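The values are calculated or read from the model by the stated rules, or taken from the named source; none is laboratory data. These figures come from a predicted structure and were not determined experimentally. Here the Cβ positions follow ideal geometry from the backbone for every residue, glycine too, while neighbour counts run over all protein chains shown. Accessible surface is based on the protein model in full, side chains and every heavy atom, while ligands, DNA and RNA are left aside. Shrake-Rupley method; radii C 1.70, N 1.55, O 1.52, S 1.80 Å.
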Amino acid sequence: FNEGTHRRLWDLLGGHPSPDGGASFVVWAPNARRVQVVGDWAGWSTPTALTPQHSTGLWWGEVPAARAGHRYKFEITGVDGAVELRADPVARRAELPPATASVLETSTHRWAAGEWMGAAGDWMAQRSKRNRGRMSVYEAHLGSWRRHPDGIAHGARELAEPLADWVAGLGFTHLEVLPVATHPFGGSWGYQVTGYYAPDARLGSPDDLRHLIDVCHDRGLGILVDWVPAHFPKDRFALARFDGTALYEHADPRQGEHRDWGTHIFNYGRYEVRNFLVSNALFWLDKYHIDGLRVDAVASMLYLDYSREEGDWLPNEFGGRENLQAISLLKQFNEQVHLQFPGVLTIAEESTAWPGVSRPTYLGGLGFSLKWNMGWMNDTLRYMRHDPVHRKWHHDELTFSLIYAFHENFILPLSHDEVVHGKRSLLDQMPGDLWQKFANLRLLFSYMWTHPGKKLLFMGGDFGQWNEWNYDASLQWDLLQWETHQGVQKCVGDLNRLLVREKALHEVDFDGHGFEWIDCHNYESSTFSYLRKARDPSDHLIVCCNFTPTPRMKYRLGVPEAIWYDEIFSSDSTYYGGSNLGNFPGLMAEGEPAHDRPASIEVTIPPLGAVILKPSREVAAGGP
């Protein structure tokens, strides 16, 4: 632990109840004068002293009367003589906020048959395959996805079946949940963690969360969890000045404090702190069978001057602004995750142009599997907010993303951050009258699902919620009584099924060979057309998007060969609430060259709509 290489810290530190009764306790507090543990077993009145373990900074002791389910805290006398009650930093369970005690936990959950056995169809054995290729992620905040009629939140066990059925029914491949670790303030959405090893008690017991994960795996869904190593809150019952000194945080506020967020920054140069964080990531993968970790606020970790004024930050040893210790930690995290849990995804929310975020560490990268494409998100939403009559002046906001689309392994996020703080819901951000708002939203999703990169959509967008997301209220499920909202739901589901079925939409996402513009220059008509290709380029799709309410009739496009093209998708279908203008059942390409291609078709692109065409060689060969 002191050298930073203990990979199962949860086995070393924390409270450990024995099956035969009693419990042992270990805590790291190297600068404390005295450490005691107090809890339910003695009515919180008689502390038990812990013994320092040589020069390790660890304190150990046993309490024969302690039992699983008992609450406890460490009573720490700091270097200044002040006595404070502290929650266990490595507790596996915590009280329901606003209470702050730790709880002795013993799991009785039995993972579904085959979870670890490696048999055919076994989830864990197949994880590497499942996490490659096809990927569309449904992002959810468990506390506000669906609530009781009286507004009380459901626990993880209650949510398991309806949530898994909803997400799998829409064709998503993964469910990503906002941080599930213990956090005292619900309004932080889980991003200010006080208990890194304890699931949020608002969700129920740790085994309730395990049950939800089991059910999701049974429905074929991978589980991604947001993880927050960038900062932690200043609550005095938790990590802040844990033994009376800056232990987990950096002592200098120029390196140890996020003033924007009112939080502390971890001391990434301290071996024990690095061990605490890396082991925590491995803990969630090991004890909860998580399939991937999305690392929050990576940019704030990479730069010493992140959100700081001149003179309010310290350069690194070479005079630069890069946080070398945090970079080293991120590399170590990725190396250990990929080494010990092959096939697990690590995903970076990184908003700058830092090079090699999703490249292996042995090539100089940070080692993440994927990176959120924040540039694509910002440019695309900015473009979609423009009135269609003005979009021709902003054509480059959609074409620019393809200049850098293959520099990283990107995931395209329309996340919770885009529907809060006055930004409004995705549907409400769309311009125009009611019909145009829904058409624009279906067009946005069609463009997103056919653009290179994996997909992520926050809950509520999947059926066109009107209200901005509120962490303290349920989604507007009553909207599904309206056909317009049902149409958005059906459109998202069909796009997901297309994504899974068509290799051209997922097989070559991170390589320029999987994408080719047909026409990206027609800014006057605000139309875009492009090819998506599988590894076998003959397996391709043609995508045509019209970002104006004016139909484009007999719009000639160059295509790779004179062959019949089936129309396999139209966002303007009446099934989704559109006007049903399109090309069904398909089009025969002609031998007339166009756009530097040997053949062409005359396609109808519906108003504020997208169509997808697929070559049919049976028809070309004289079939039906």
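Based on C-alpha coordinates, I'd like the Rg and Dmax of the range 515-564, in Å.
Cα-based Rg and Dmax for the range 515-564 come out at 11.9, 35 Å.
Counting Lys +1, Arg +1, Asp -1, Glu -1, what net charge surrounds residue 16 among other residues with beta carbon under 10 Å of its beta carbon?
-2
Of all the accessible heavy-atom surface of the range 27-117, with the other protein chains kept in place and a 1.4 Å probe, what percent is carbon and sulfur? Don't skip to the end; give the middle numbers.
Values: 2380 of 4520 Å².
Heavy-atom surface of the range 27-117 belonging to carbon and sulfur, 1.4 Å probe: 53 percent.
What net charge do the residues around residue 183 carry, taking every other residue with its C-beta under 15 Å from that of residue 183, with Lys and Arg at +1 and Asp and Glu at -1? Please report the intermediate quantities before stating the final value.
Numbers: positive: 93, 202, 234; negative: 95, 200, 226, 235, 296, 472.
My count for the surroundings of residue 183 gives -3.
What is the local net charge at residue 405, summed over the other residues whose Cβ is closer than 13 Å to its Cβ (Lys, Arg +1; Asp, Glu -1)? Mind dumping the intermediate values first?
Numbers: positive: 371, 454, 532; negative: 379, 408, 509, 511, 516.
So the surrounding residues net to -2.
Could you pull out which residues in the range 233-255 have an amide N less than 17 Å from a spot 7 Å beyond the Cα of residue 80, following the Cα-Cβ vector?
Hits in the range 233-255 for residue 80 at 17 Å: 234-253.
First check a/c for the range 479-559, with a ≥ b ≥ c the square roots of the eigenvalues of its C-alpha gyration tensor; if it is under 1.5, answer rounded, and if not, answer prolate when a/b is larger than b/c or oblate otherwise. Each step should come with its number before you reach the end.
On the way: a/c = 2.65, a/b = 1.17, b/c = 2.26.
In terms of gyration-tensor shape, oblate.
Under a 5 Å amide H to amide H cut-off, with H placed in plane at 1.01 Å, what residues pair with residue 322 once short-range neighbours are removed?
Long-range HN contacts for residue 322: 304, 316.
Give me Rg over Rh for the chain, both radii from the alpha carbons and Rh done the Kirkwood way, two decimal places.
Working: Rg = 26.7 Å, Rh = 26.2 Å.
My calculation puts Rg/Rh at 1.02.
With both partners inside the chain, how many of the DSSP beta bridges are antiparallel, as a percent to the nearest 5? Numbers along the way, then the final one.
Working: 69 of 97 bridges.
Expressed as a percentage, antiparallel bridges in the chain total about 70.
Would you please give the FRET efficiency between residue 245 and residue 387, computed as 1/(1 + (r/R0)^6) with r the Cβ-Cβ distance and R0 = 51 Å, to the nearest 0.05? It would help to have the intermediate numbers written out before the result.
Numbers: r = 57 Å, r/R0 = 1.12.
Step by step, r from the Cβ atoms, then E = 0.35.
Write down the accessible area per residue of the range 1-83 in Å², having rolled a 1.4 Å probe over the full set of protein chains.
Working: 3920 Å² over 83 residues.
Accessible surface, normalised per residue, equals 47 Å².
Just the C-alpha atoms of the range 387-501: what Rg/Rh do they give, with Rh taken as the Kirkwood radius?
On the way: Rg = 14.8 Å, Rh = 15.3 Å.
Using only Cα positions, Rg/Rh for the range 387-501 is 0.97.
With every protein chain present, what is the per residue accessible area of the range 248-341 (1.4 Å probe, Å²)?
On the way: 3560 Å² over 94 residues.
Here the per-residue accessible area is 38 Å².
Based solely on C-alpha atoms, express the radius of gyration and the Dmax of the range 440-487 in angstrom.
Calculated on Cα positions, Rg and Dmax stand at 12.2, 34 Å.
Looking at the range 531-577, which trypsin sites (Lys or Arg not before Pro) are DSSP coil and have at most 13 other C-beta atoms within 10 Å of their C-beta?
On the way: sites: 532, 533, 535, 552, 554, 556; in loops: 535.
Loop-located and lightly packed - 535.
What whole number of Å gives the distance from the Cα centroid of the range 1-74 to the Cα centroid of the range 405-429?
Centre-to-centre (Cα) distance: 43 Å.
Enter the accessible area per residue of the range 156-216 (Å², integer; probe 1.4 Å; all protein chains in place). Let's see the in-between values first.
Details: 1410 Å² over 61 residues.
It amounts to 23 Å² per residue over the range 156-216.
Taking all protein chains as present, what is the carbon and sulfur share of the accessible area of the range 327-443, in % to the nearest whole number, probe 1.4 Å?
Taking all protein chains in place, the range 327-443 shows 58 percent carbon and sulfur surface.
PRE reach from residue 109 (point 7 Å along Cα→Cβ): which of the range 170-187 fall under 17 Å by backbone N?
Counting backbone N atoms under 17 Å from the label point, the list is 175-183.
Output the pairs from 454/533; 371/455; 490/614; 423/455; 454/503; 423/490 with a Cα-Cα distance over 18 Å in this structure; if there are none, say none. Walk me through the numbers on the way to the answer.
Details: 454/533 15 Å; 371/455 11 Å; 490/614 21 Å; 423/455 21 Å; 454/503 13 Å; 423/490 25 Å.
Flagged as over cut-off: 490/614; 423/455; 423/490.
What's the carbon and sulfur percent of the range 477-624's accessible surface, probe 1.4 angstrom, rounded to a whole number? Working shown, then result.
Numbers: 3310 of 6280 Å².
Solvent-exposed carbon and sulfur of the range 477-624 make up 53 percent of the total.
Share of Cα-Cα pairs in the range 123-235 beyond 25 Å, in percent? Don't skip to the end; give the middle numbers.
Numbers: 1450 of 6328 pairs.
Every Cα pair in the range 123-235 considered, those over 25 Å come to 23 percent.
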